[in-house]
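Please treat every number below as a calculation from the coordinates, not as lab data. The structure displayed is predicted, hence computed values, not measured ones. Virtual Cβ from ideal backbone geometry, glycine too; neighbours counted across all protein chains shown.
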């Protein structure tokens, strides 16, 4: 988790890169920016700044939220797929990072291997933002927690239940529990749990903070969801795992978040999903479209939280 980087700049590769008090400050600023956007107030704090957005994985919410967010802050965003730049022809990531740093004020990367982000951050002289890697998705989890706190107040001390694959979203929730002091229960099938090193890092951080928060790994969804304040999940087959569809669908057959499972949570519990959702697989339509679901607020808040992140790193 300790990554050597050029002095004088900050990156957001995972929630290990941000402290709890900084997260609270980001949320406070996101609240201000959201209110300004709703009222029509112009906030051009990044006027003249440019963000390079490198996409090795396609996206709806990530591209639109970052691009519109930069526009609303008075800046400019460049969409760069691997086919549009020399990465698609074998240019080293280190060279790409150094060249882009001469042109832009920040680099956002949506990629497969997390090591790609590490390499970019090591060689870029401008901030690098993880917009999704196979290991972490910090912007998503910050938006999720911001959404929870909008509806229910501080997440510290609350119980969050994760049902499904121990993927990049789950691992980001683990880091968030260490940073913000809530209790996370993850239910995953055998051999589909999170990286033990991520869990170990979080447990050490929580111990150093006097035992604030916890991470519990479970097998049965009911055990995780019992008395939860928030229930969240993700697709069973992520991008790049399409060949594993049959095997994964068998493994996760009992991990669908349905109405019966939601009844195990607290009556006021919220449901979240980072989207896109596969109704009838990881979640039923009744839950996704039901009164406990805040998935559309969650999606919108990606932009407001990311605007705060962009100001923090590039302002």
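Things to note:
- Cβ-Cβ FRET estimate between residue 226 and residue 44, R0 fixed at 51 Å, reported to 0.05: 0.60
- A Gaussian network model of the chain, with springs between Cα atoms under 10 Å, assigns the largest mean-square fluctuation among 266, 49, 89 to 89.
- In the chain, helices alone account for a calculated mean residue ellipticity at 222 nm of -12500 deg cm²/dmol, with every DSSP H run of four or more residues adding -39,500 (n - 2.57).
- Max mean-square fluctuation residue, GNM over the chain, Cα-Cα springs under 10 Å, options 181, 20, 153: 153
- Extended-chain gain in nm, criterion 0.36 nm per residue less alpha-carbon gap, residue 300 and residue 266: 9.7 nm
- Relative to the dominant Cα principal axis of the chain, helix 138-152 is inclined by about 50°.
- Computed packing ranks the peptides 185-197, 65-77 as 65-77, 185-197, most packed first, by mean other Cβ atoms within 10 Å.
- The modelled label-to-label distance for the pair residue 68/residue 85, using points 7 Å beyond Cα in the direction of Cβ, is 2.4 nm.
- GNM remark for the chain: springs join alpha carbons under 10 Å apart, and the peak mean-square fluctuation among 54, 237, 85 falls on 85.
- Between helix 61-72 and the chain: long-axis angle, C-alpha atoms, 0 to 90°, nearest 10: 50 degrees
- Tilt relative to the chain, helix 20-39 - C-alpha long axis, 0 to 90 degrees, to 10: 80 degrees
- Net lengthening on full extension, residue 289/residue 195 (0.36 nm per residue, minus Cα-Cα): 30.7 nm
- Burial ranking of peptide ranges 168-174, 96-102 (average Cβ count within 10 Å, highest at the top): 168-174, 96-102
- Rounded if a/c under 1.5, otherwise prolate or oblate - region 140-298, Cα gyration tensor axes: oblate
- Here each label is just a point 7 Å from Cα along the line to Cβ, and for residue 243 and residue 59 those points are 2.6 nm apart.
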